[in-house]
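I'd like to ask you about the structure that follows.
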Amino acid sequence: TAKRHGRNQHQRFRPALDVAGDHQLALVNALRSALATGTQLELFYQSQHRIDNGELVGFEALLRWRHPELGMVSPADFIPLAERHGLMVSLGRWVIEQAVGQLASWRRAGMPAVPVWVNISALQLIQGDLEAQLAACLTEFKVAPRLLGLELTESVLLDERAGDIYPRLAVLQERGHQIAIDDFGTGYSSLSYLKRLPVDKLKLDRAFVRSLPEDQADASIVAAVLAMAEGLGLEVVAEGVEEKAQLEYLASHGCPIVQGFMFSRPLPATEVEAAWLAPPGAPPGAPPASATLS
Ligand code: C2E
Ligand code: MG
Ligand code: MG
Ligand code: MG
C-alpha cells in the first residue's frame, strides 16, 4: 500500500498547464507567496536504513507544496520553476531553516540522533552564501553540523559558476557536514573527479535500481558502482528500493544503505515521530519489523 500512496502523492501539472505562459506566471506568483507565508510548504522526511539489520541511519528532507487548487505539487515541477524565476535561494534557505529547526526539536524530543539530509540546488552555491547561512542557522538552533547532511547532484558539482567546488566542500566537511552526490550515475561527470572531491556518500539513482535484478545492464552498473565506491571509501545509498528482489541484489553486492518505499514513503514530521519516537523503555532506532531482509 505504501507504494500505491507514494505514486499518487503528487499532482503533476497537466502538459497544457506546463506550456501556457500565463499559468506559469500564476504559478510562480503562487510559489512566491507560498514562500512568503510558509504555510503551504512543508518538509517530508524519508528514512534511510542499514541494509543488513534495518537500523535507521538518517532521513532525507523532501520539499512539498500544497497548492490550494492543484493539491500536492511535485518538487520535480516547482524546483525548476523556482530556479528559473529567482526564488531558489530563498526556497533553499527556507528548507535549511526548517530542517535544522526540526533537528533541534527532534533532539529535545529524544528521537534517534541520525542526520537529516537536505537537497542543495546549484544556485544556492552560486548566488547564496551557503556556508555562512548554514553556520548561522546551526548556531541559532544549537545543532551539530554532523546532523545536517548535504545532497548535491553531479551537475551541481560540475557547475563552473559555483567556482572551485573542491575547497568549498572541504570547508563544509571540515565543519562536520557529510556530503553526498545525489542521483549518481545520471550525470556527465568523469570518474576521476570522485578521487579528489571531498564527499562521503554516493546516492545511486533510482533509475538503476528500478529494474533490478532482471535488467542485465542495470545489474552490471550497480555492481560496478558498489565495487568502485568501496574501493574509494565512499558509502553507497541506493534510492528507490521498492521490492525484496531489489533489496536482495543490493545486499549480495555489498550495498550498505537503502532508501525507498519498501521501508517508508516520505512522511510529514509528525508521522515520522509517531514511527520513530521510542515509547518509554524501548531502545531508540529499532527497525520496523516489516523492513528487514530476513
Ligand atoms: P531526489 O533528491 O533524488 O529525491 C528522491 C526522490 O525519489 C523523491 O522524490 C522521493 O519521494 C522519491 N522516492 C523515494 N523512494 C522511492 C521509491 O521507492 N520509489 C519511487 N518511485 N520514488 C521514490 P520527490 O520527493 O518527488 O523529489 C523529487 C526531486 O526534487 C528530488 O530528487 C530532488 O532533486 C528535488 N527536491 C526535493 N526537495 C528538494 C529541496 O528541498 N531542495 C532542492 N533543491 N531539491 C529538492
Ligand atoms: Mg536527494
Ligand atoms: Mg536522488
Ligand atoms: Mg533524483
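Set the Förster distance to 30 Å, then compute FRET efficiency between ALA219 and ARG50 from the Cβ-Cβ distance, nearest 0.05.
Taking R0 as 30 Å, the efficiency between ALA219 and ARG50 is 0.85.
Dipole magnitude of the chain about its Cα centre, charges +1 at Lys/Arg Cβ and -1 at Asp/Glu Cβ only, in debye to the nearest 20?
With Lys and Arg at +1 and Asp and Glu at -1, about 580 debye.
Return the whole-Å distance between the Cα centroid of the stretch 27-45 and the Cα centroid of the stretch 177-212.
With the stretch 27-45 and the stretch 177-212 each reduced to a Cα centre, they are spaced 29 Å.
To continue, here is another question. Spin-label point model (7 Å from Cα, Cβ direction): what's the ALA275 to ARG161 distance in nm?
Placing both labels 7 Å along Cα→Cβ, they lie 3.5 nm apart.
Of ALA30, ILE179, LEU202, whose Cα points farthest to the positive end of the dipole of the chain (charges on the beta-carbon: +1 Lys, Arg; -1 Asp, Glu; origin at the Cα centre)?
Projecting each Cα onto the dipole axis, the largest value belongs to ALA30.
Treat each spin label as a single point 7 Å out from the Cα along the C-beta direction, and report the ALA104 to THR39 distance in nm.
The answer from the label model is 2.4 nm.
OK, next. Length gain on complete extension for the stretch HIS23 to GLU243, per 0.36 nm per residue less the alpha carbon to alpha carbon distance?
Separation in residues times 0.36 nm, less the Cα-Cα distance, equals 75.4 nm.
Further question on the same structure: So, counting K/R as plus one and D/E as minus one, what does the shell of residues with Cβ under 14 Å around GLY128 add up to?
Local net charge: -2.
List the residues, sorted by chain then number, that are 5 or more residues from VAL236 or on another chain and whose placed amide H is less than 5 Å from its amide H.
LEU202, ILE257
For the chain, list the DSSP H helices whose alpha carbon atoms reach 27 Å or more along the long axis and whose average Kyte-Doolittle value is -0.5 or above?
Both cut-offs are met by 88-109.
In addition: Label the chain by shape, choosing from rounded, prolate and oblate, from the square roots a ≥ b ≥ c of the eigenvalues of the Cα gyration tensor; if a/c is under 1.5 it is rounded, and otherwise prolate applies when a/b is larger than b/c, oblate when it is not.
rounded
Readers should treat all values here as calculations from the given coordinates under stated rules, not as data from a laboratory. As the structure is a prediction and not an experimental result, all values here were calculated from the model. Glycine also receives a Cβ, built like all others from the backbone with ideal geometry; neighbour counts cover every protein chain displayed.
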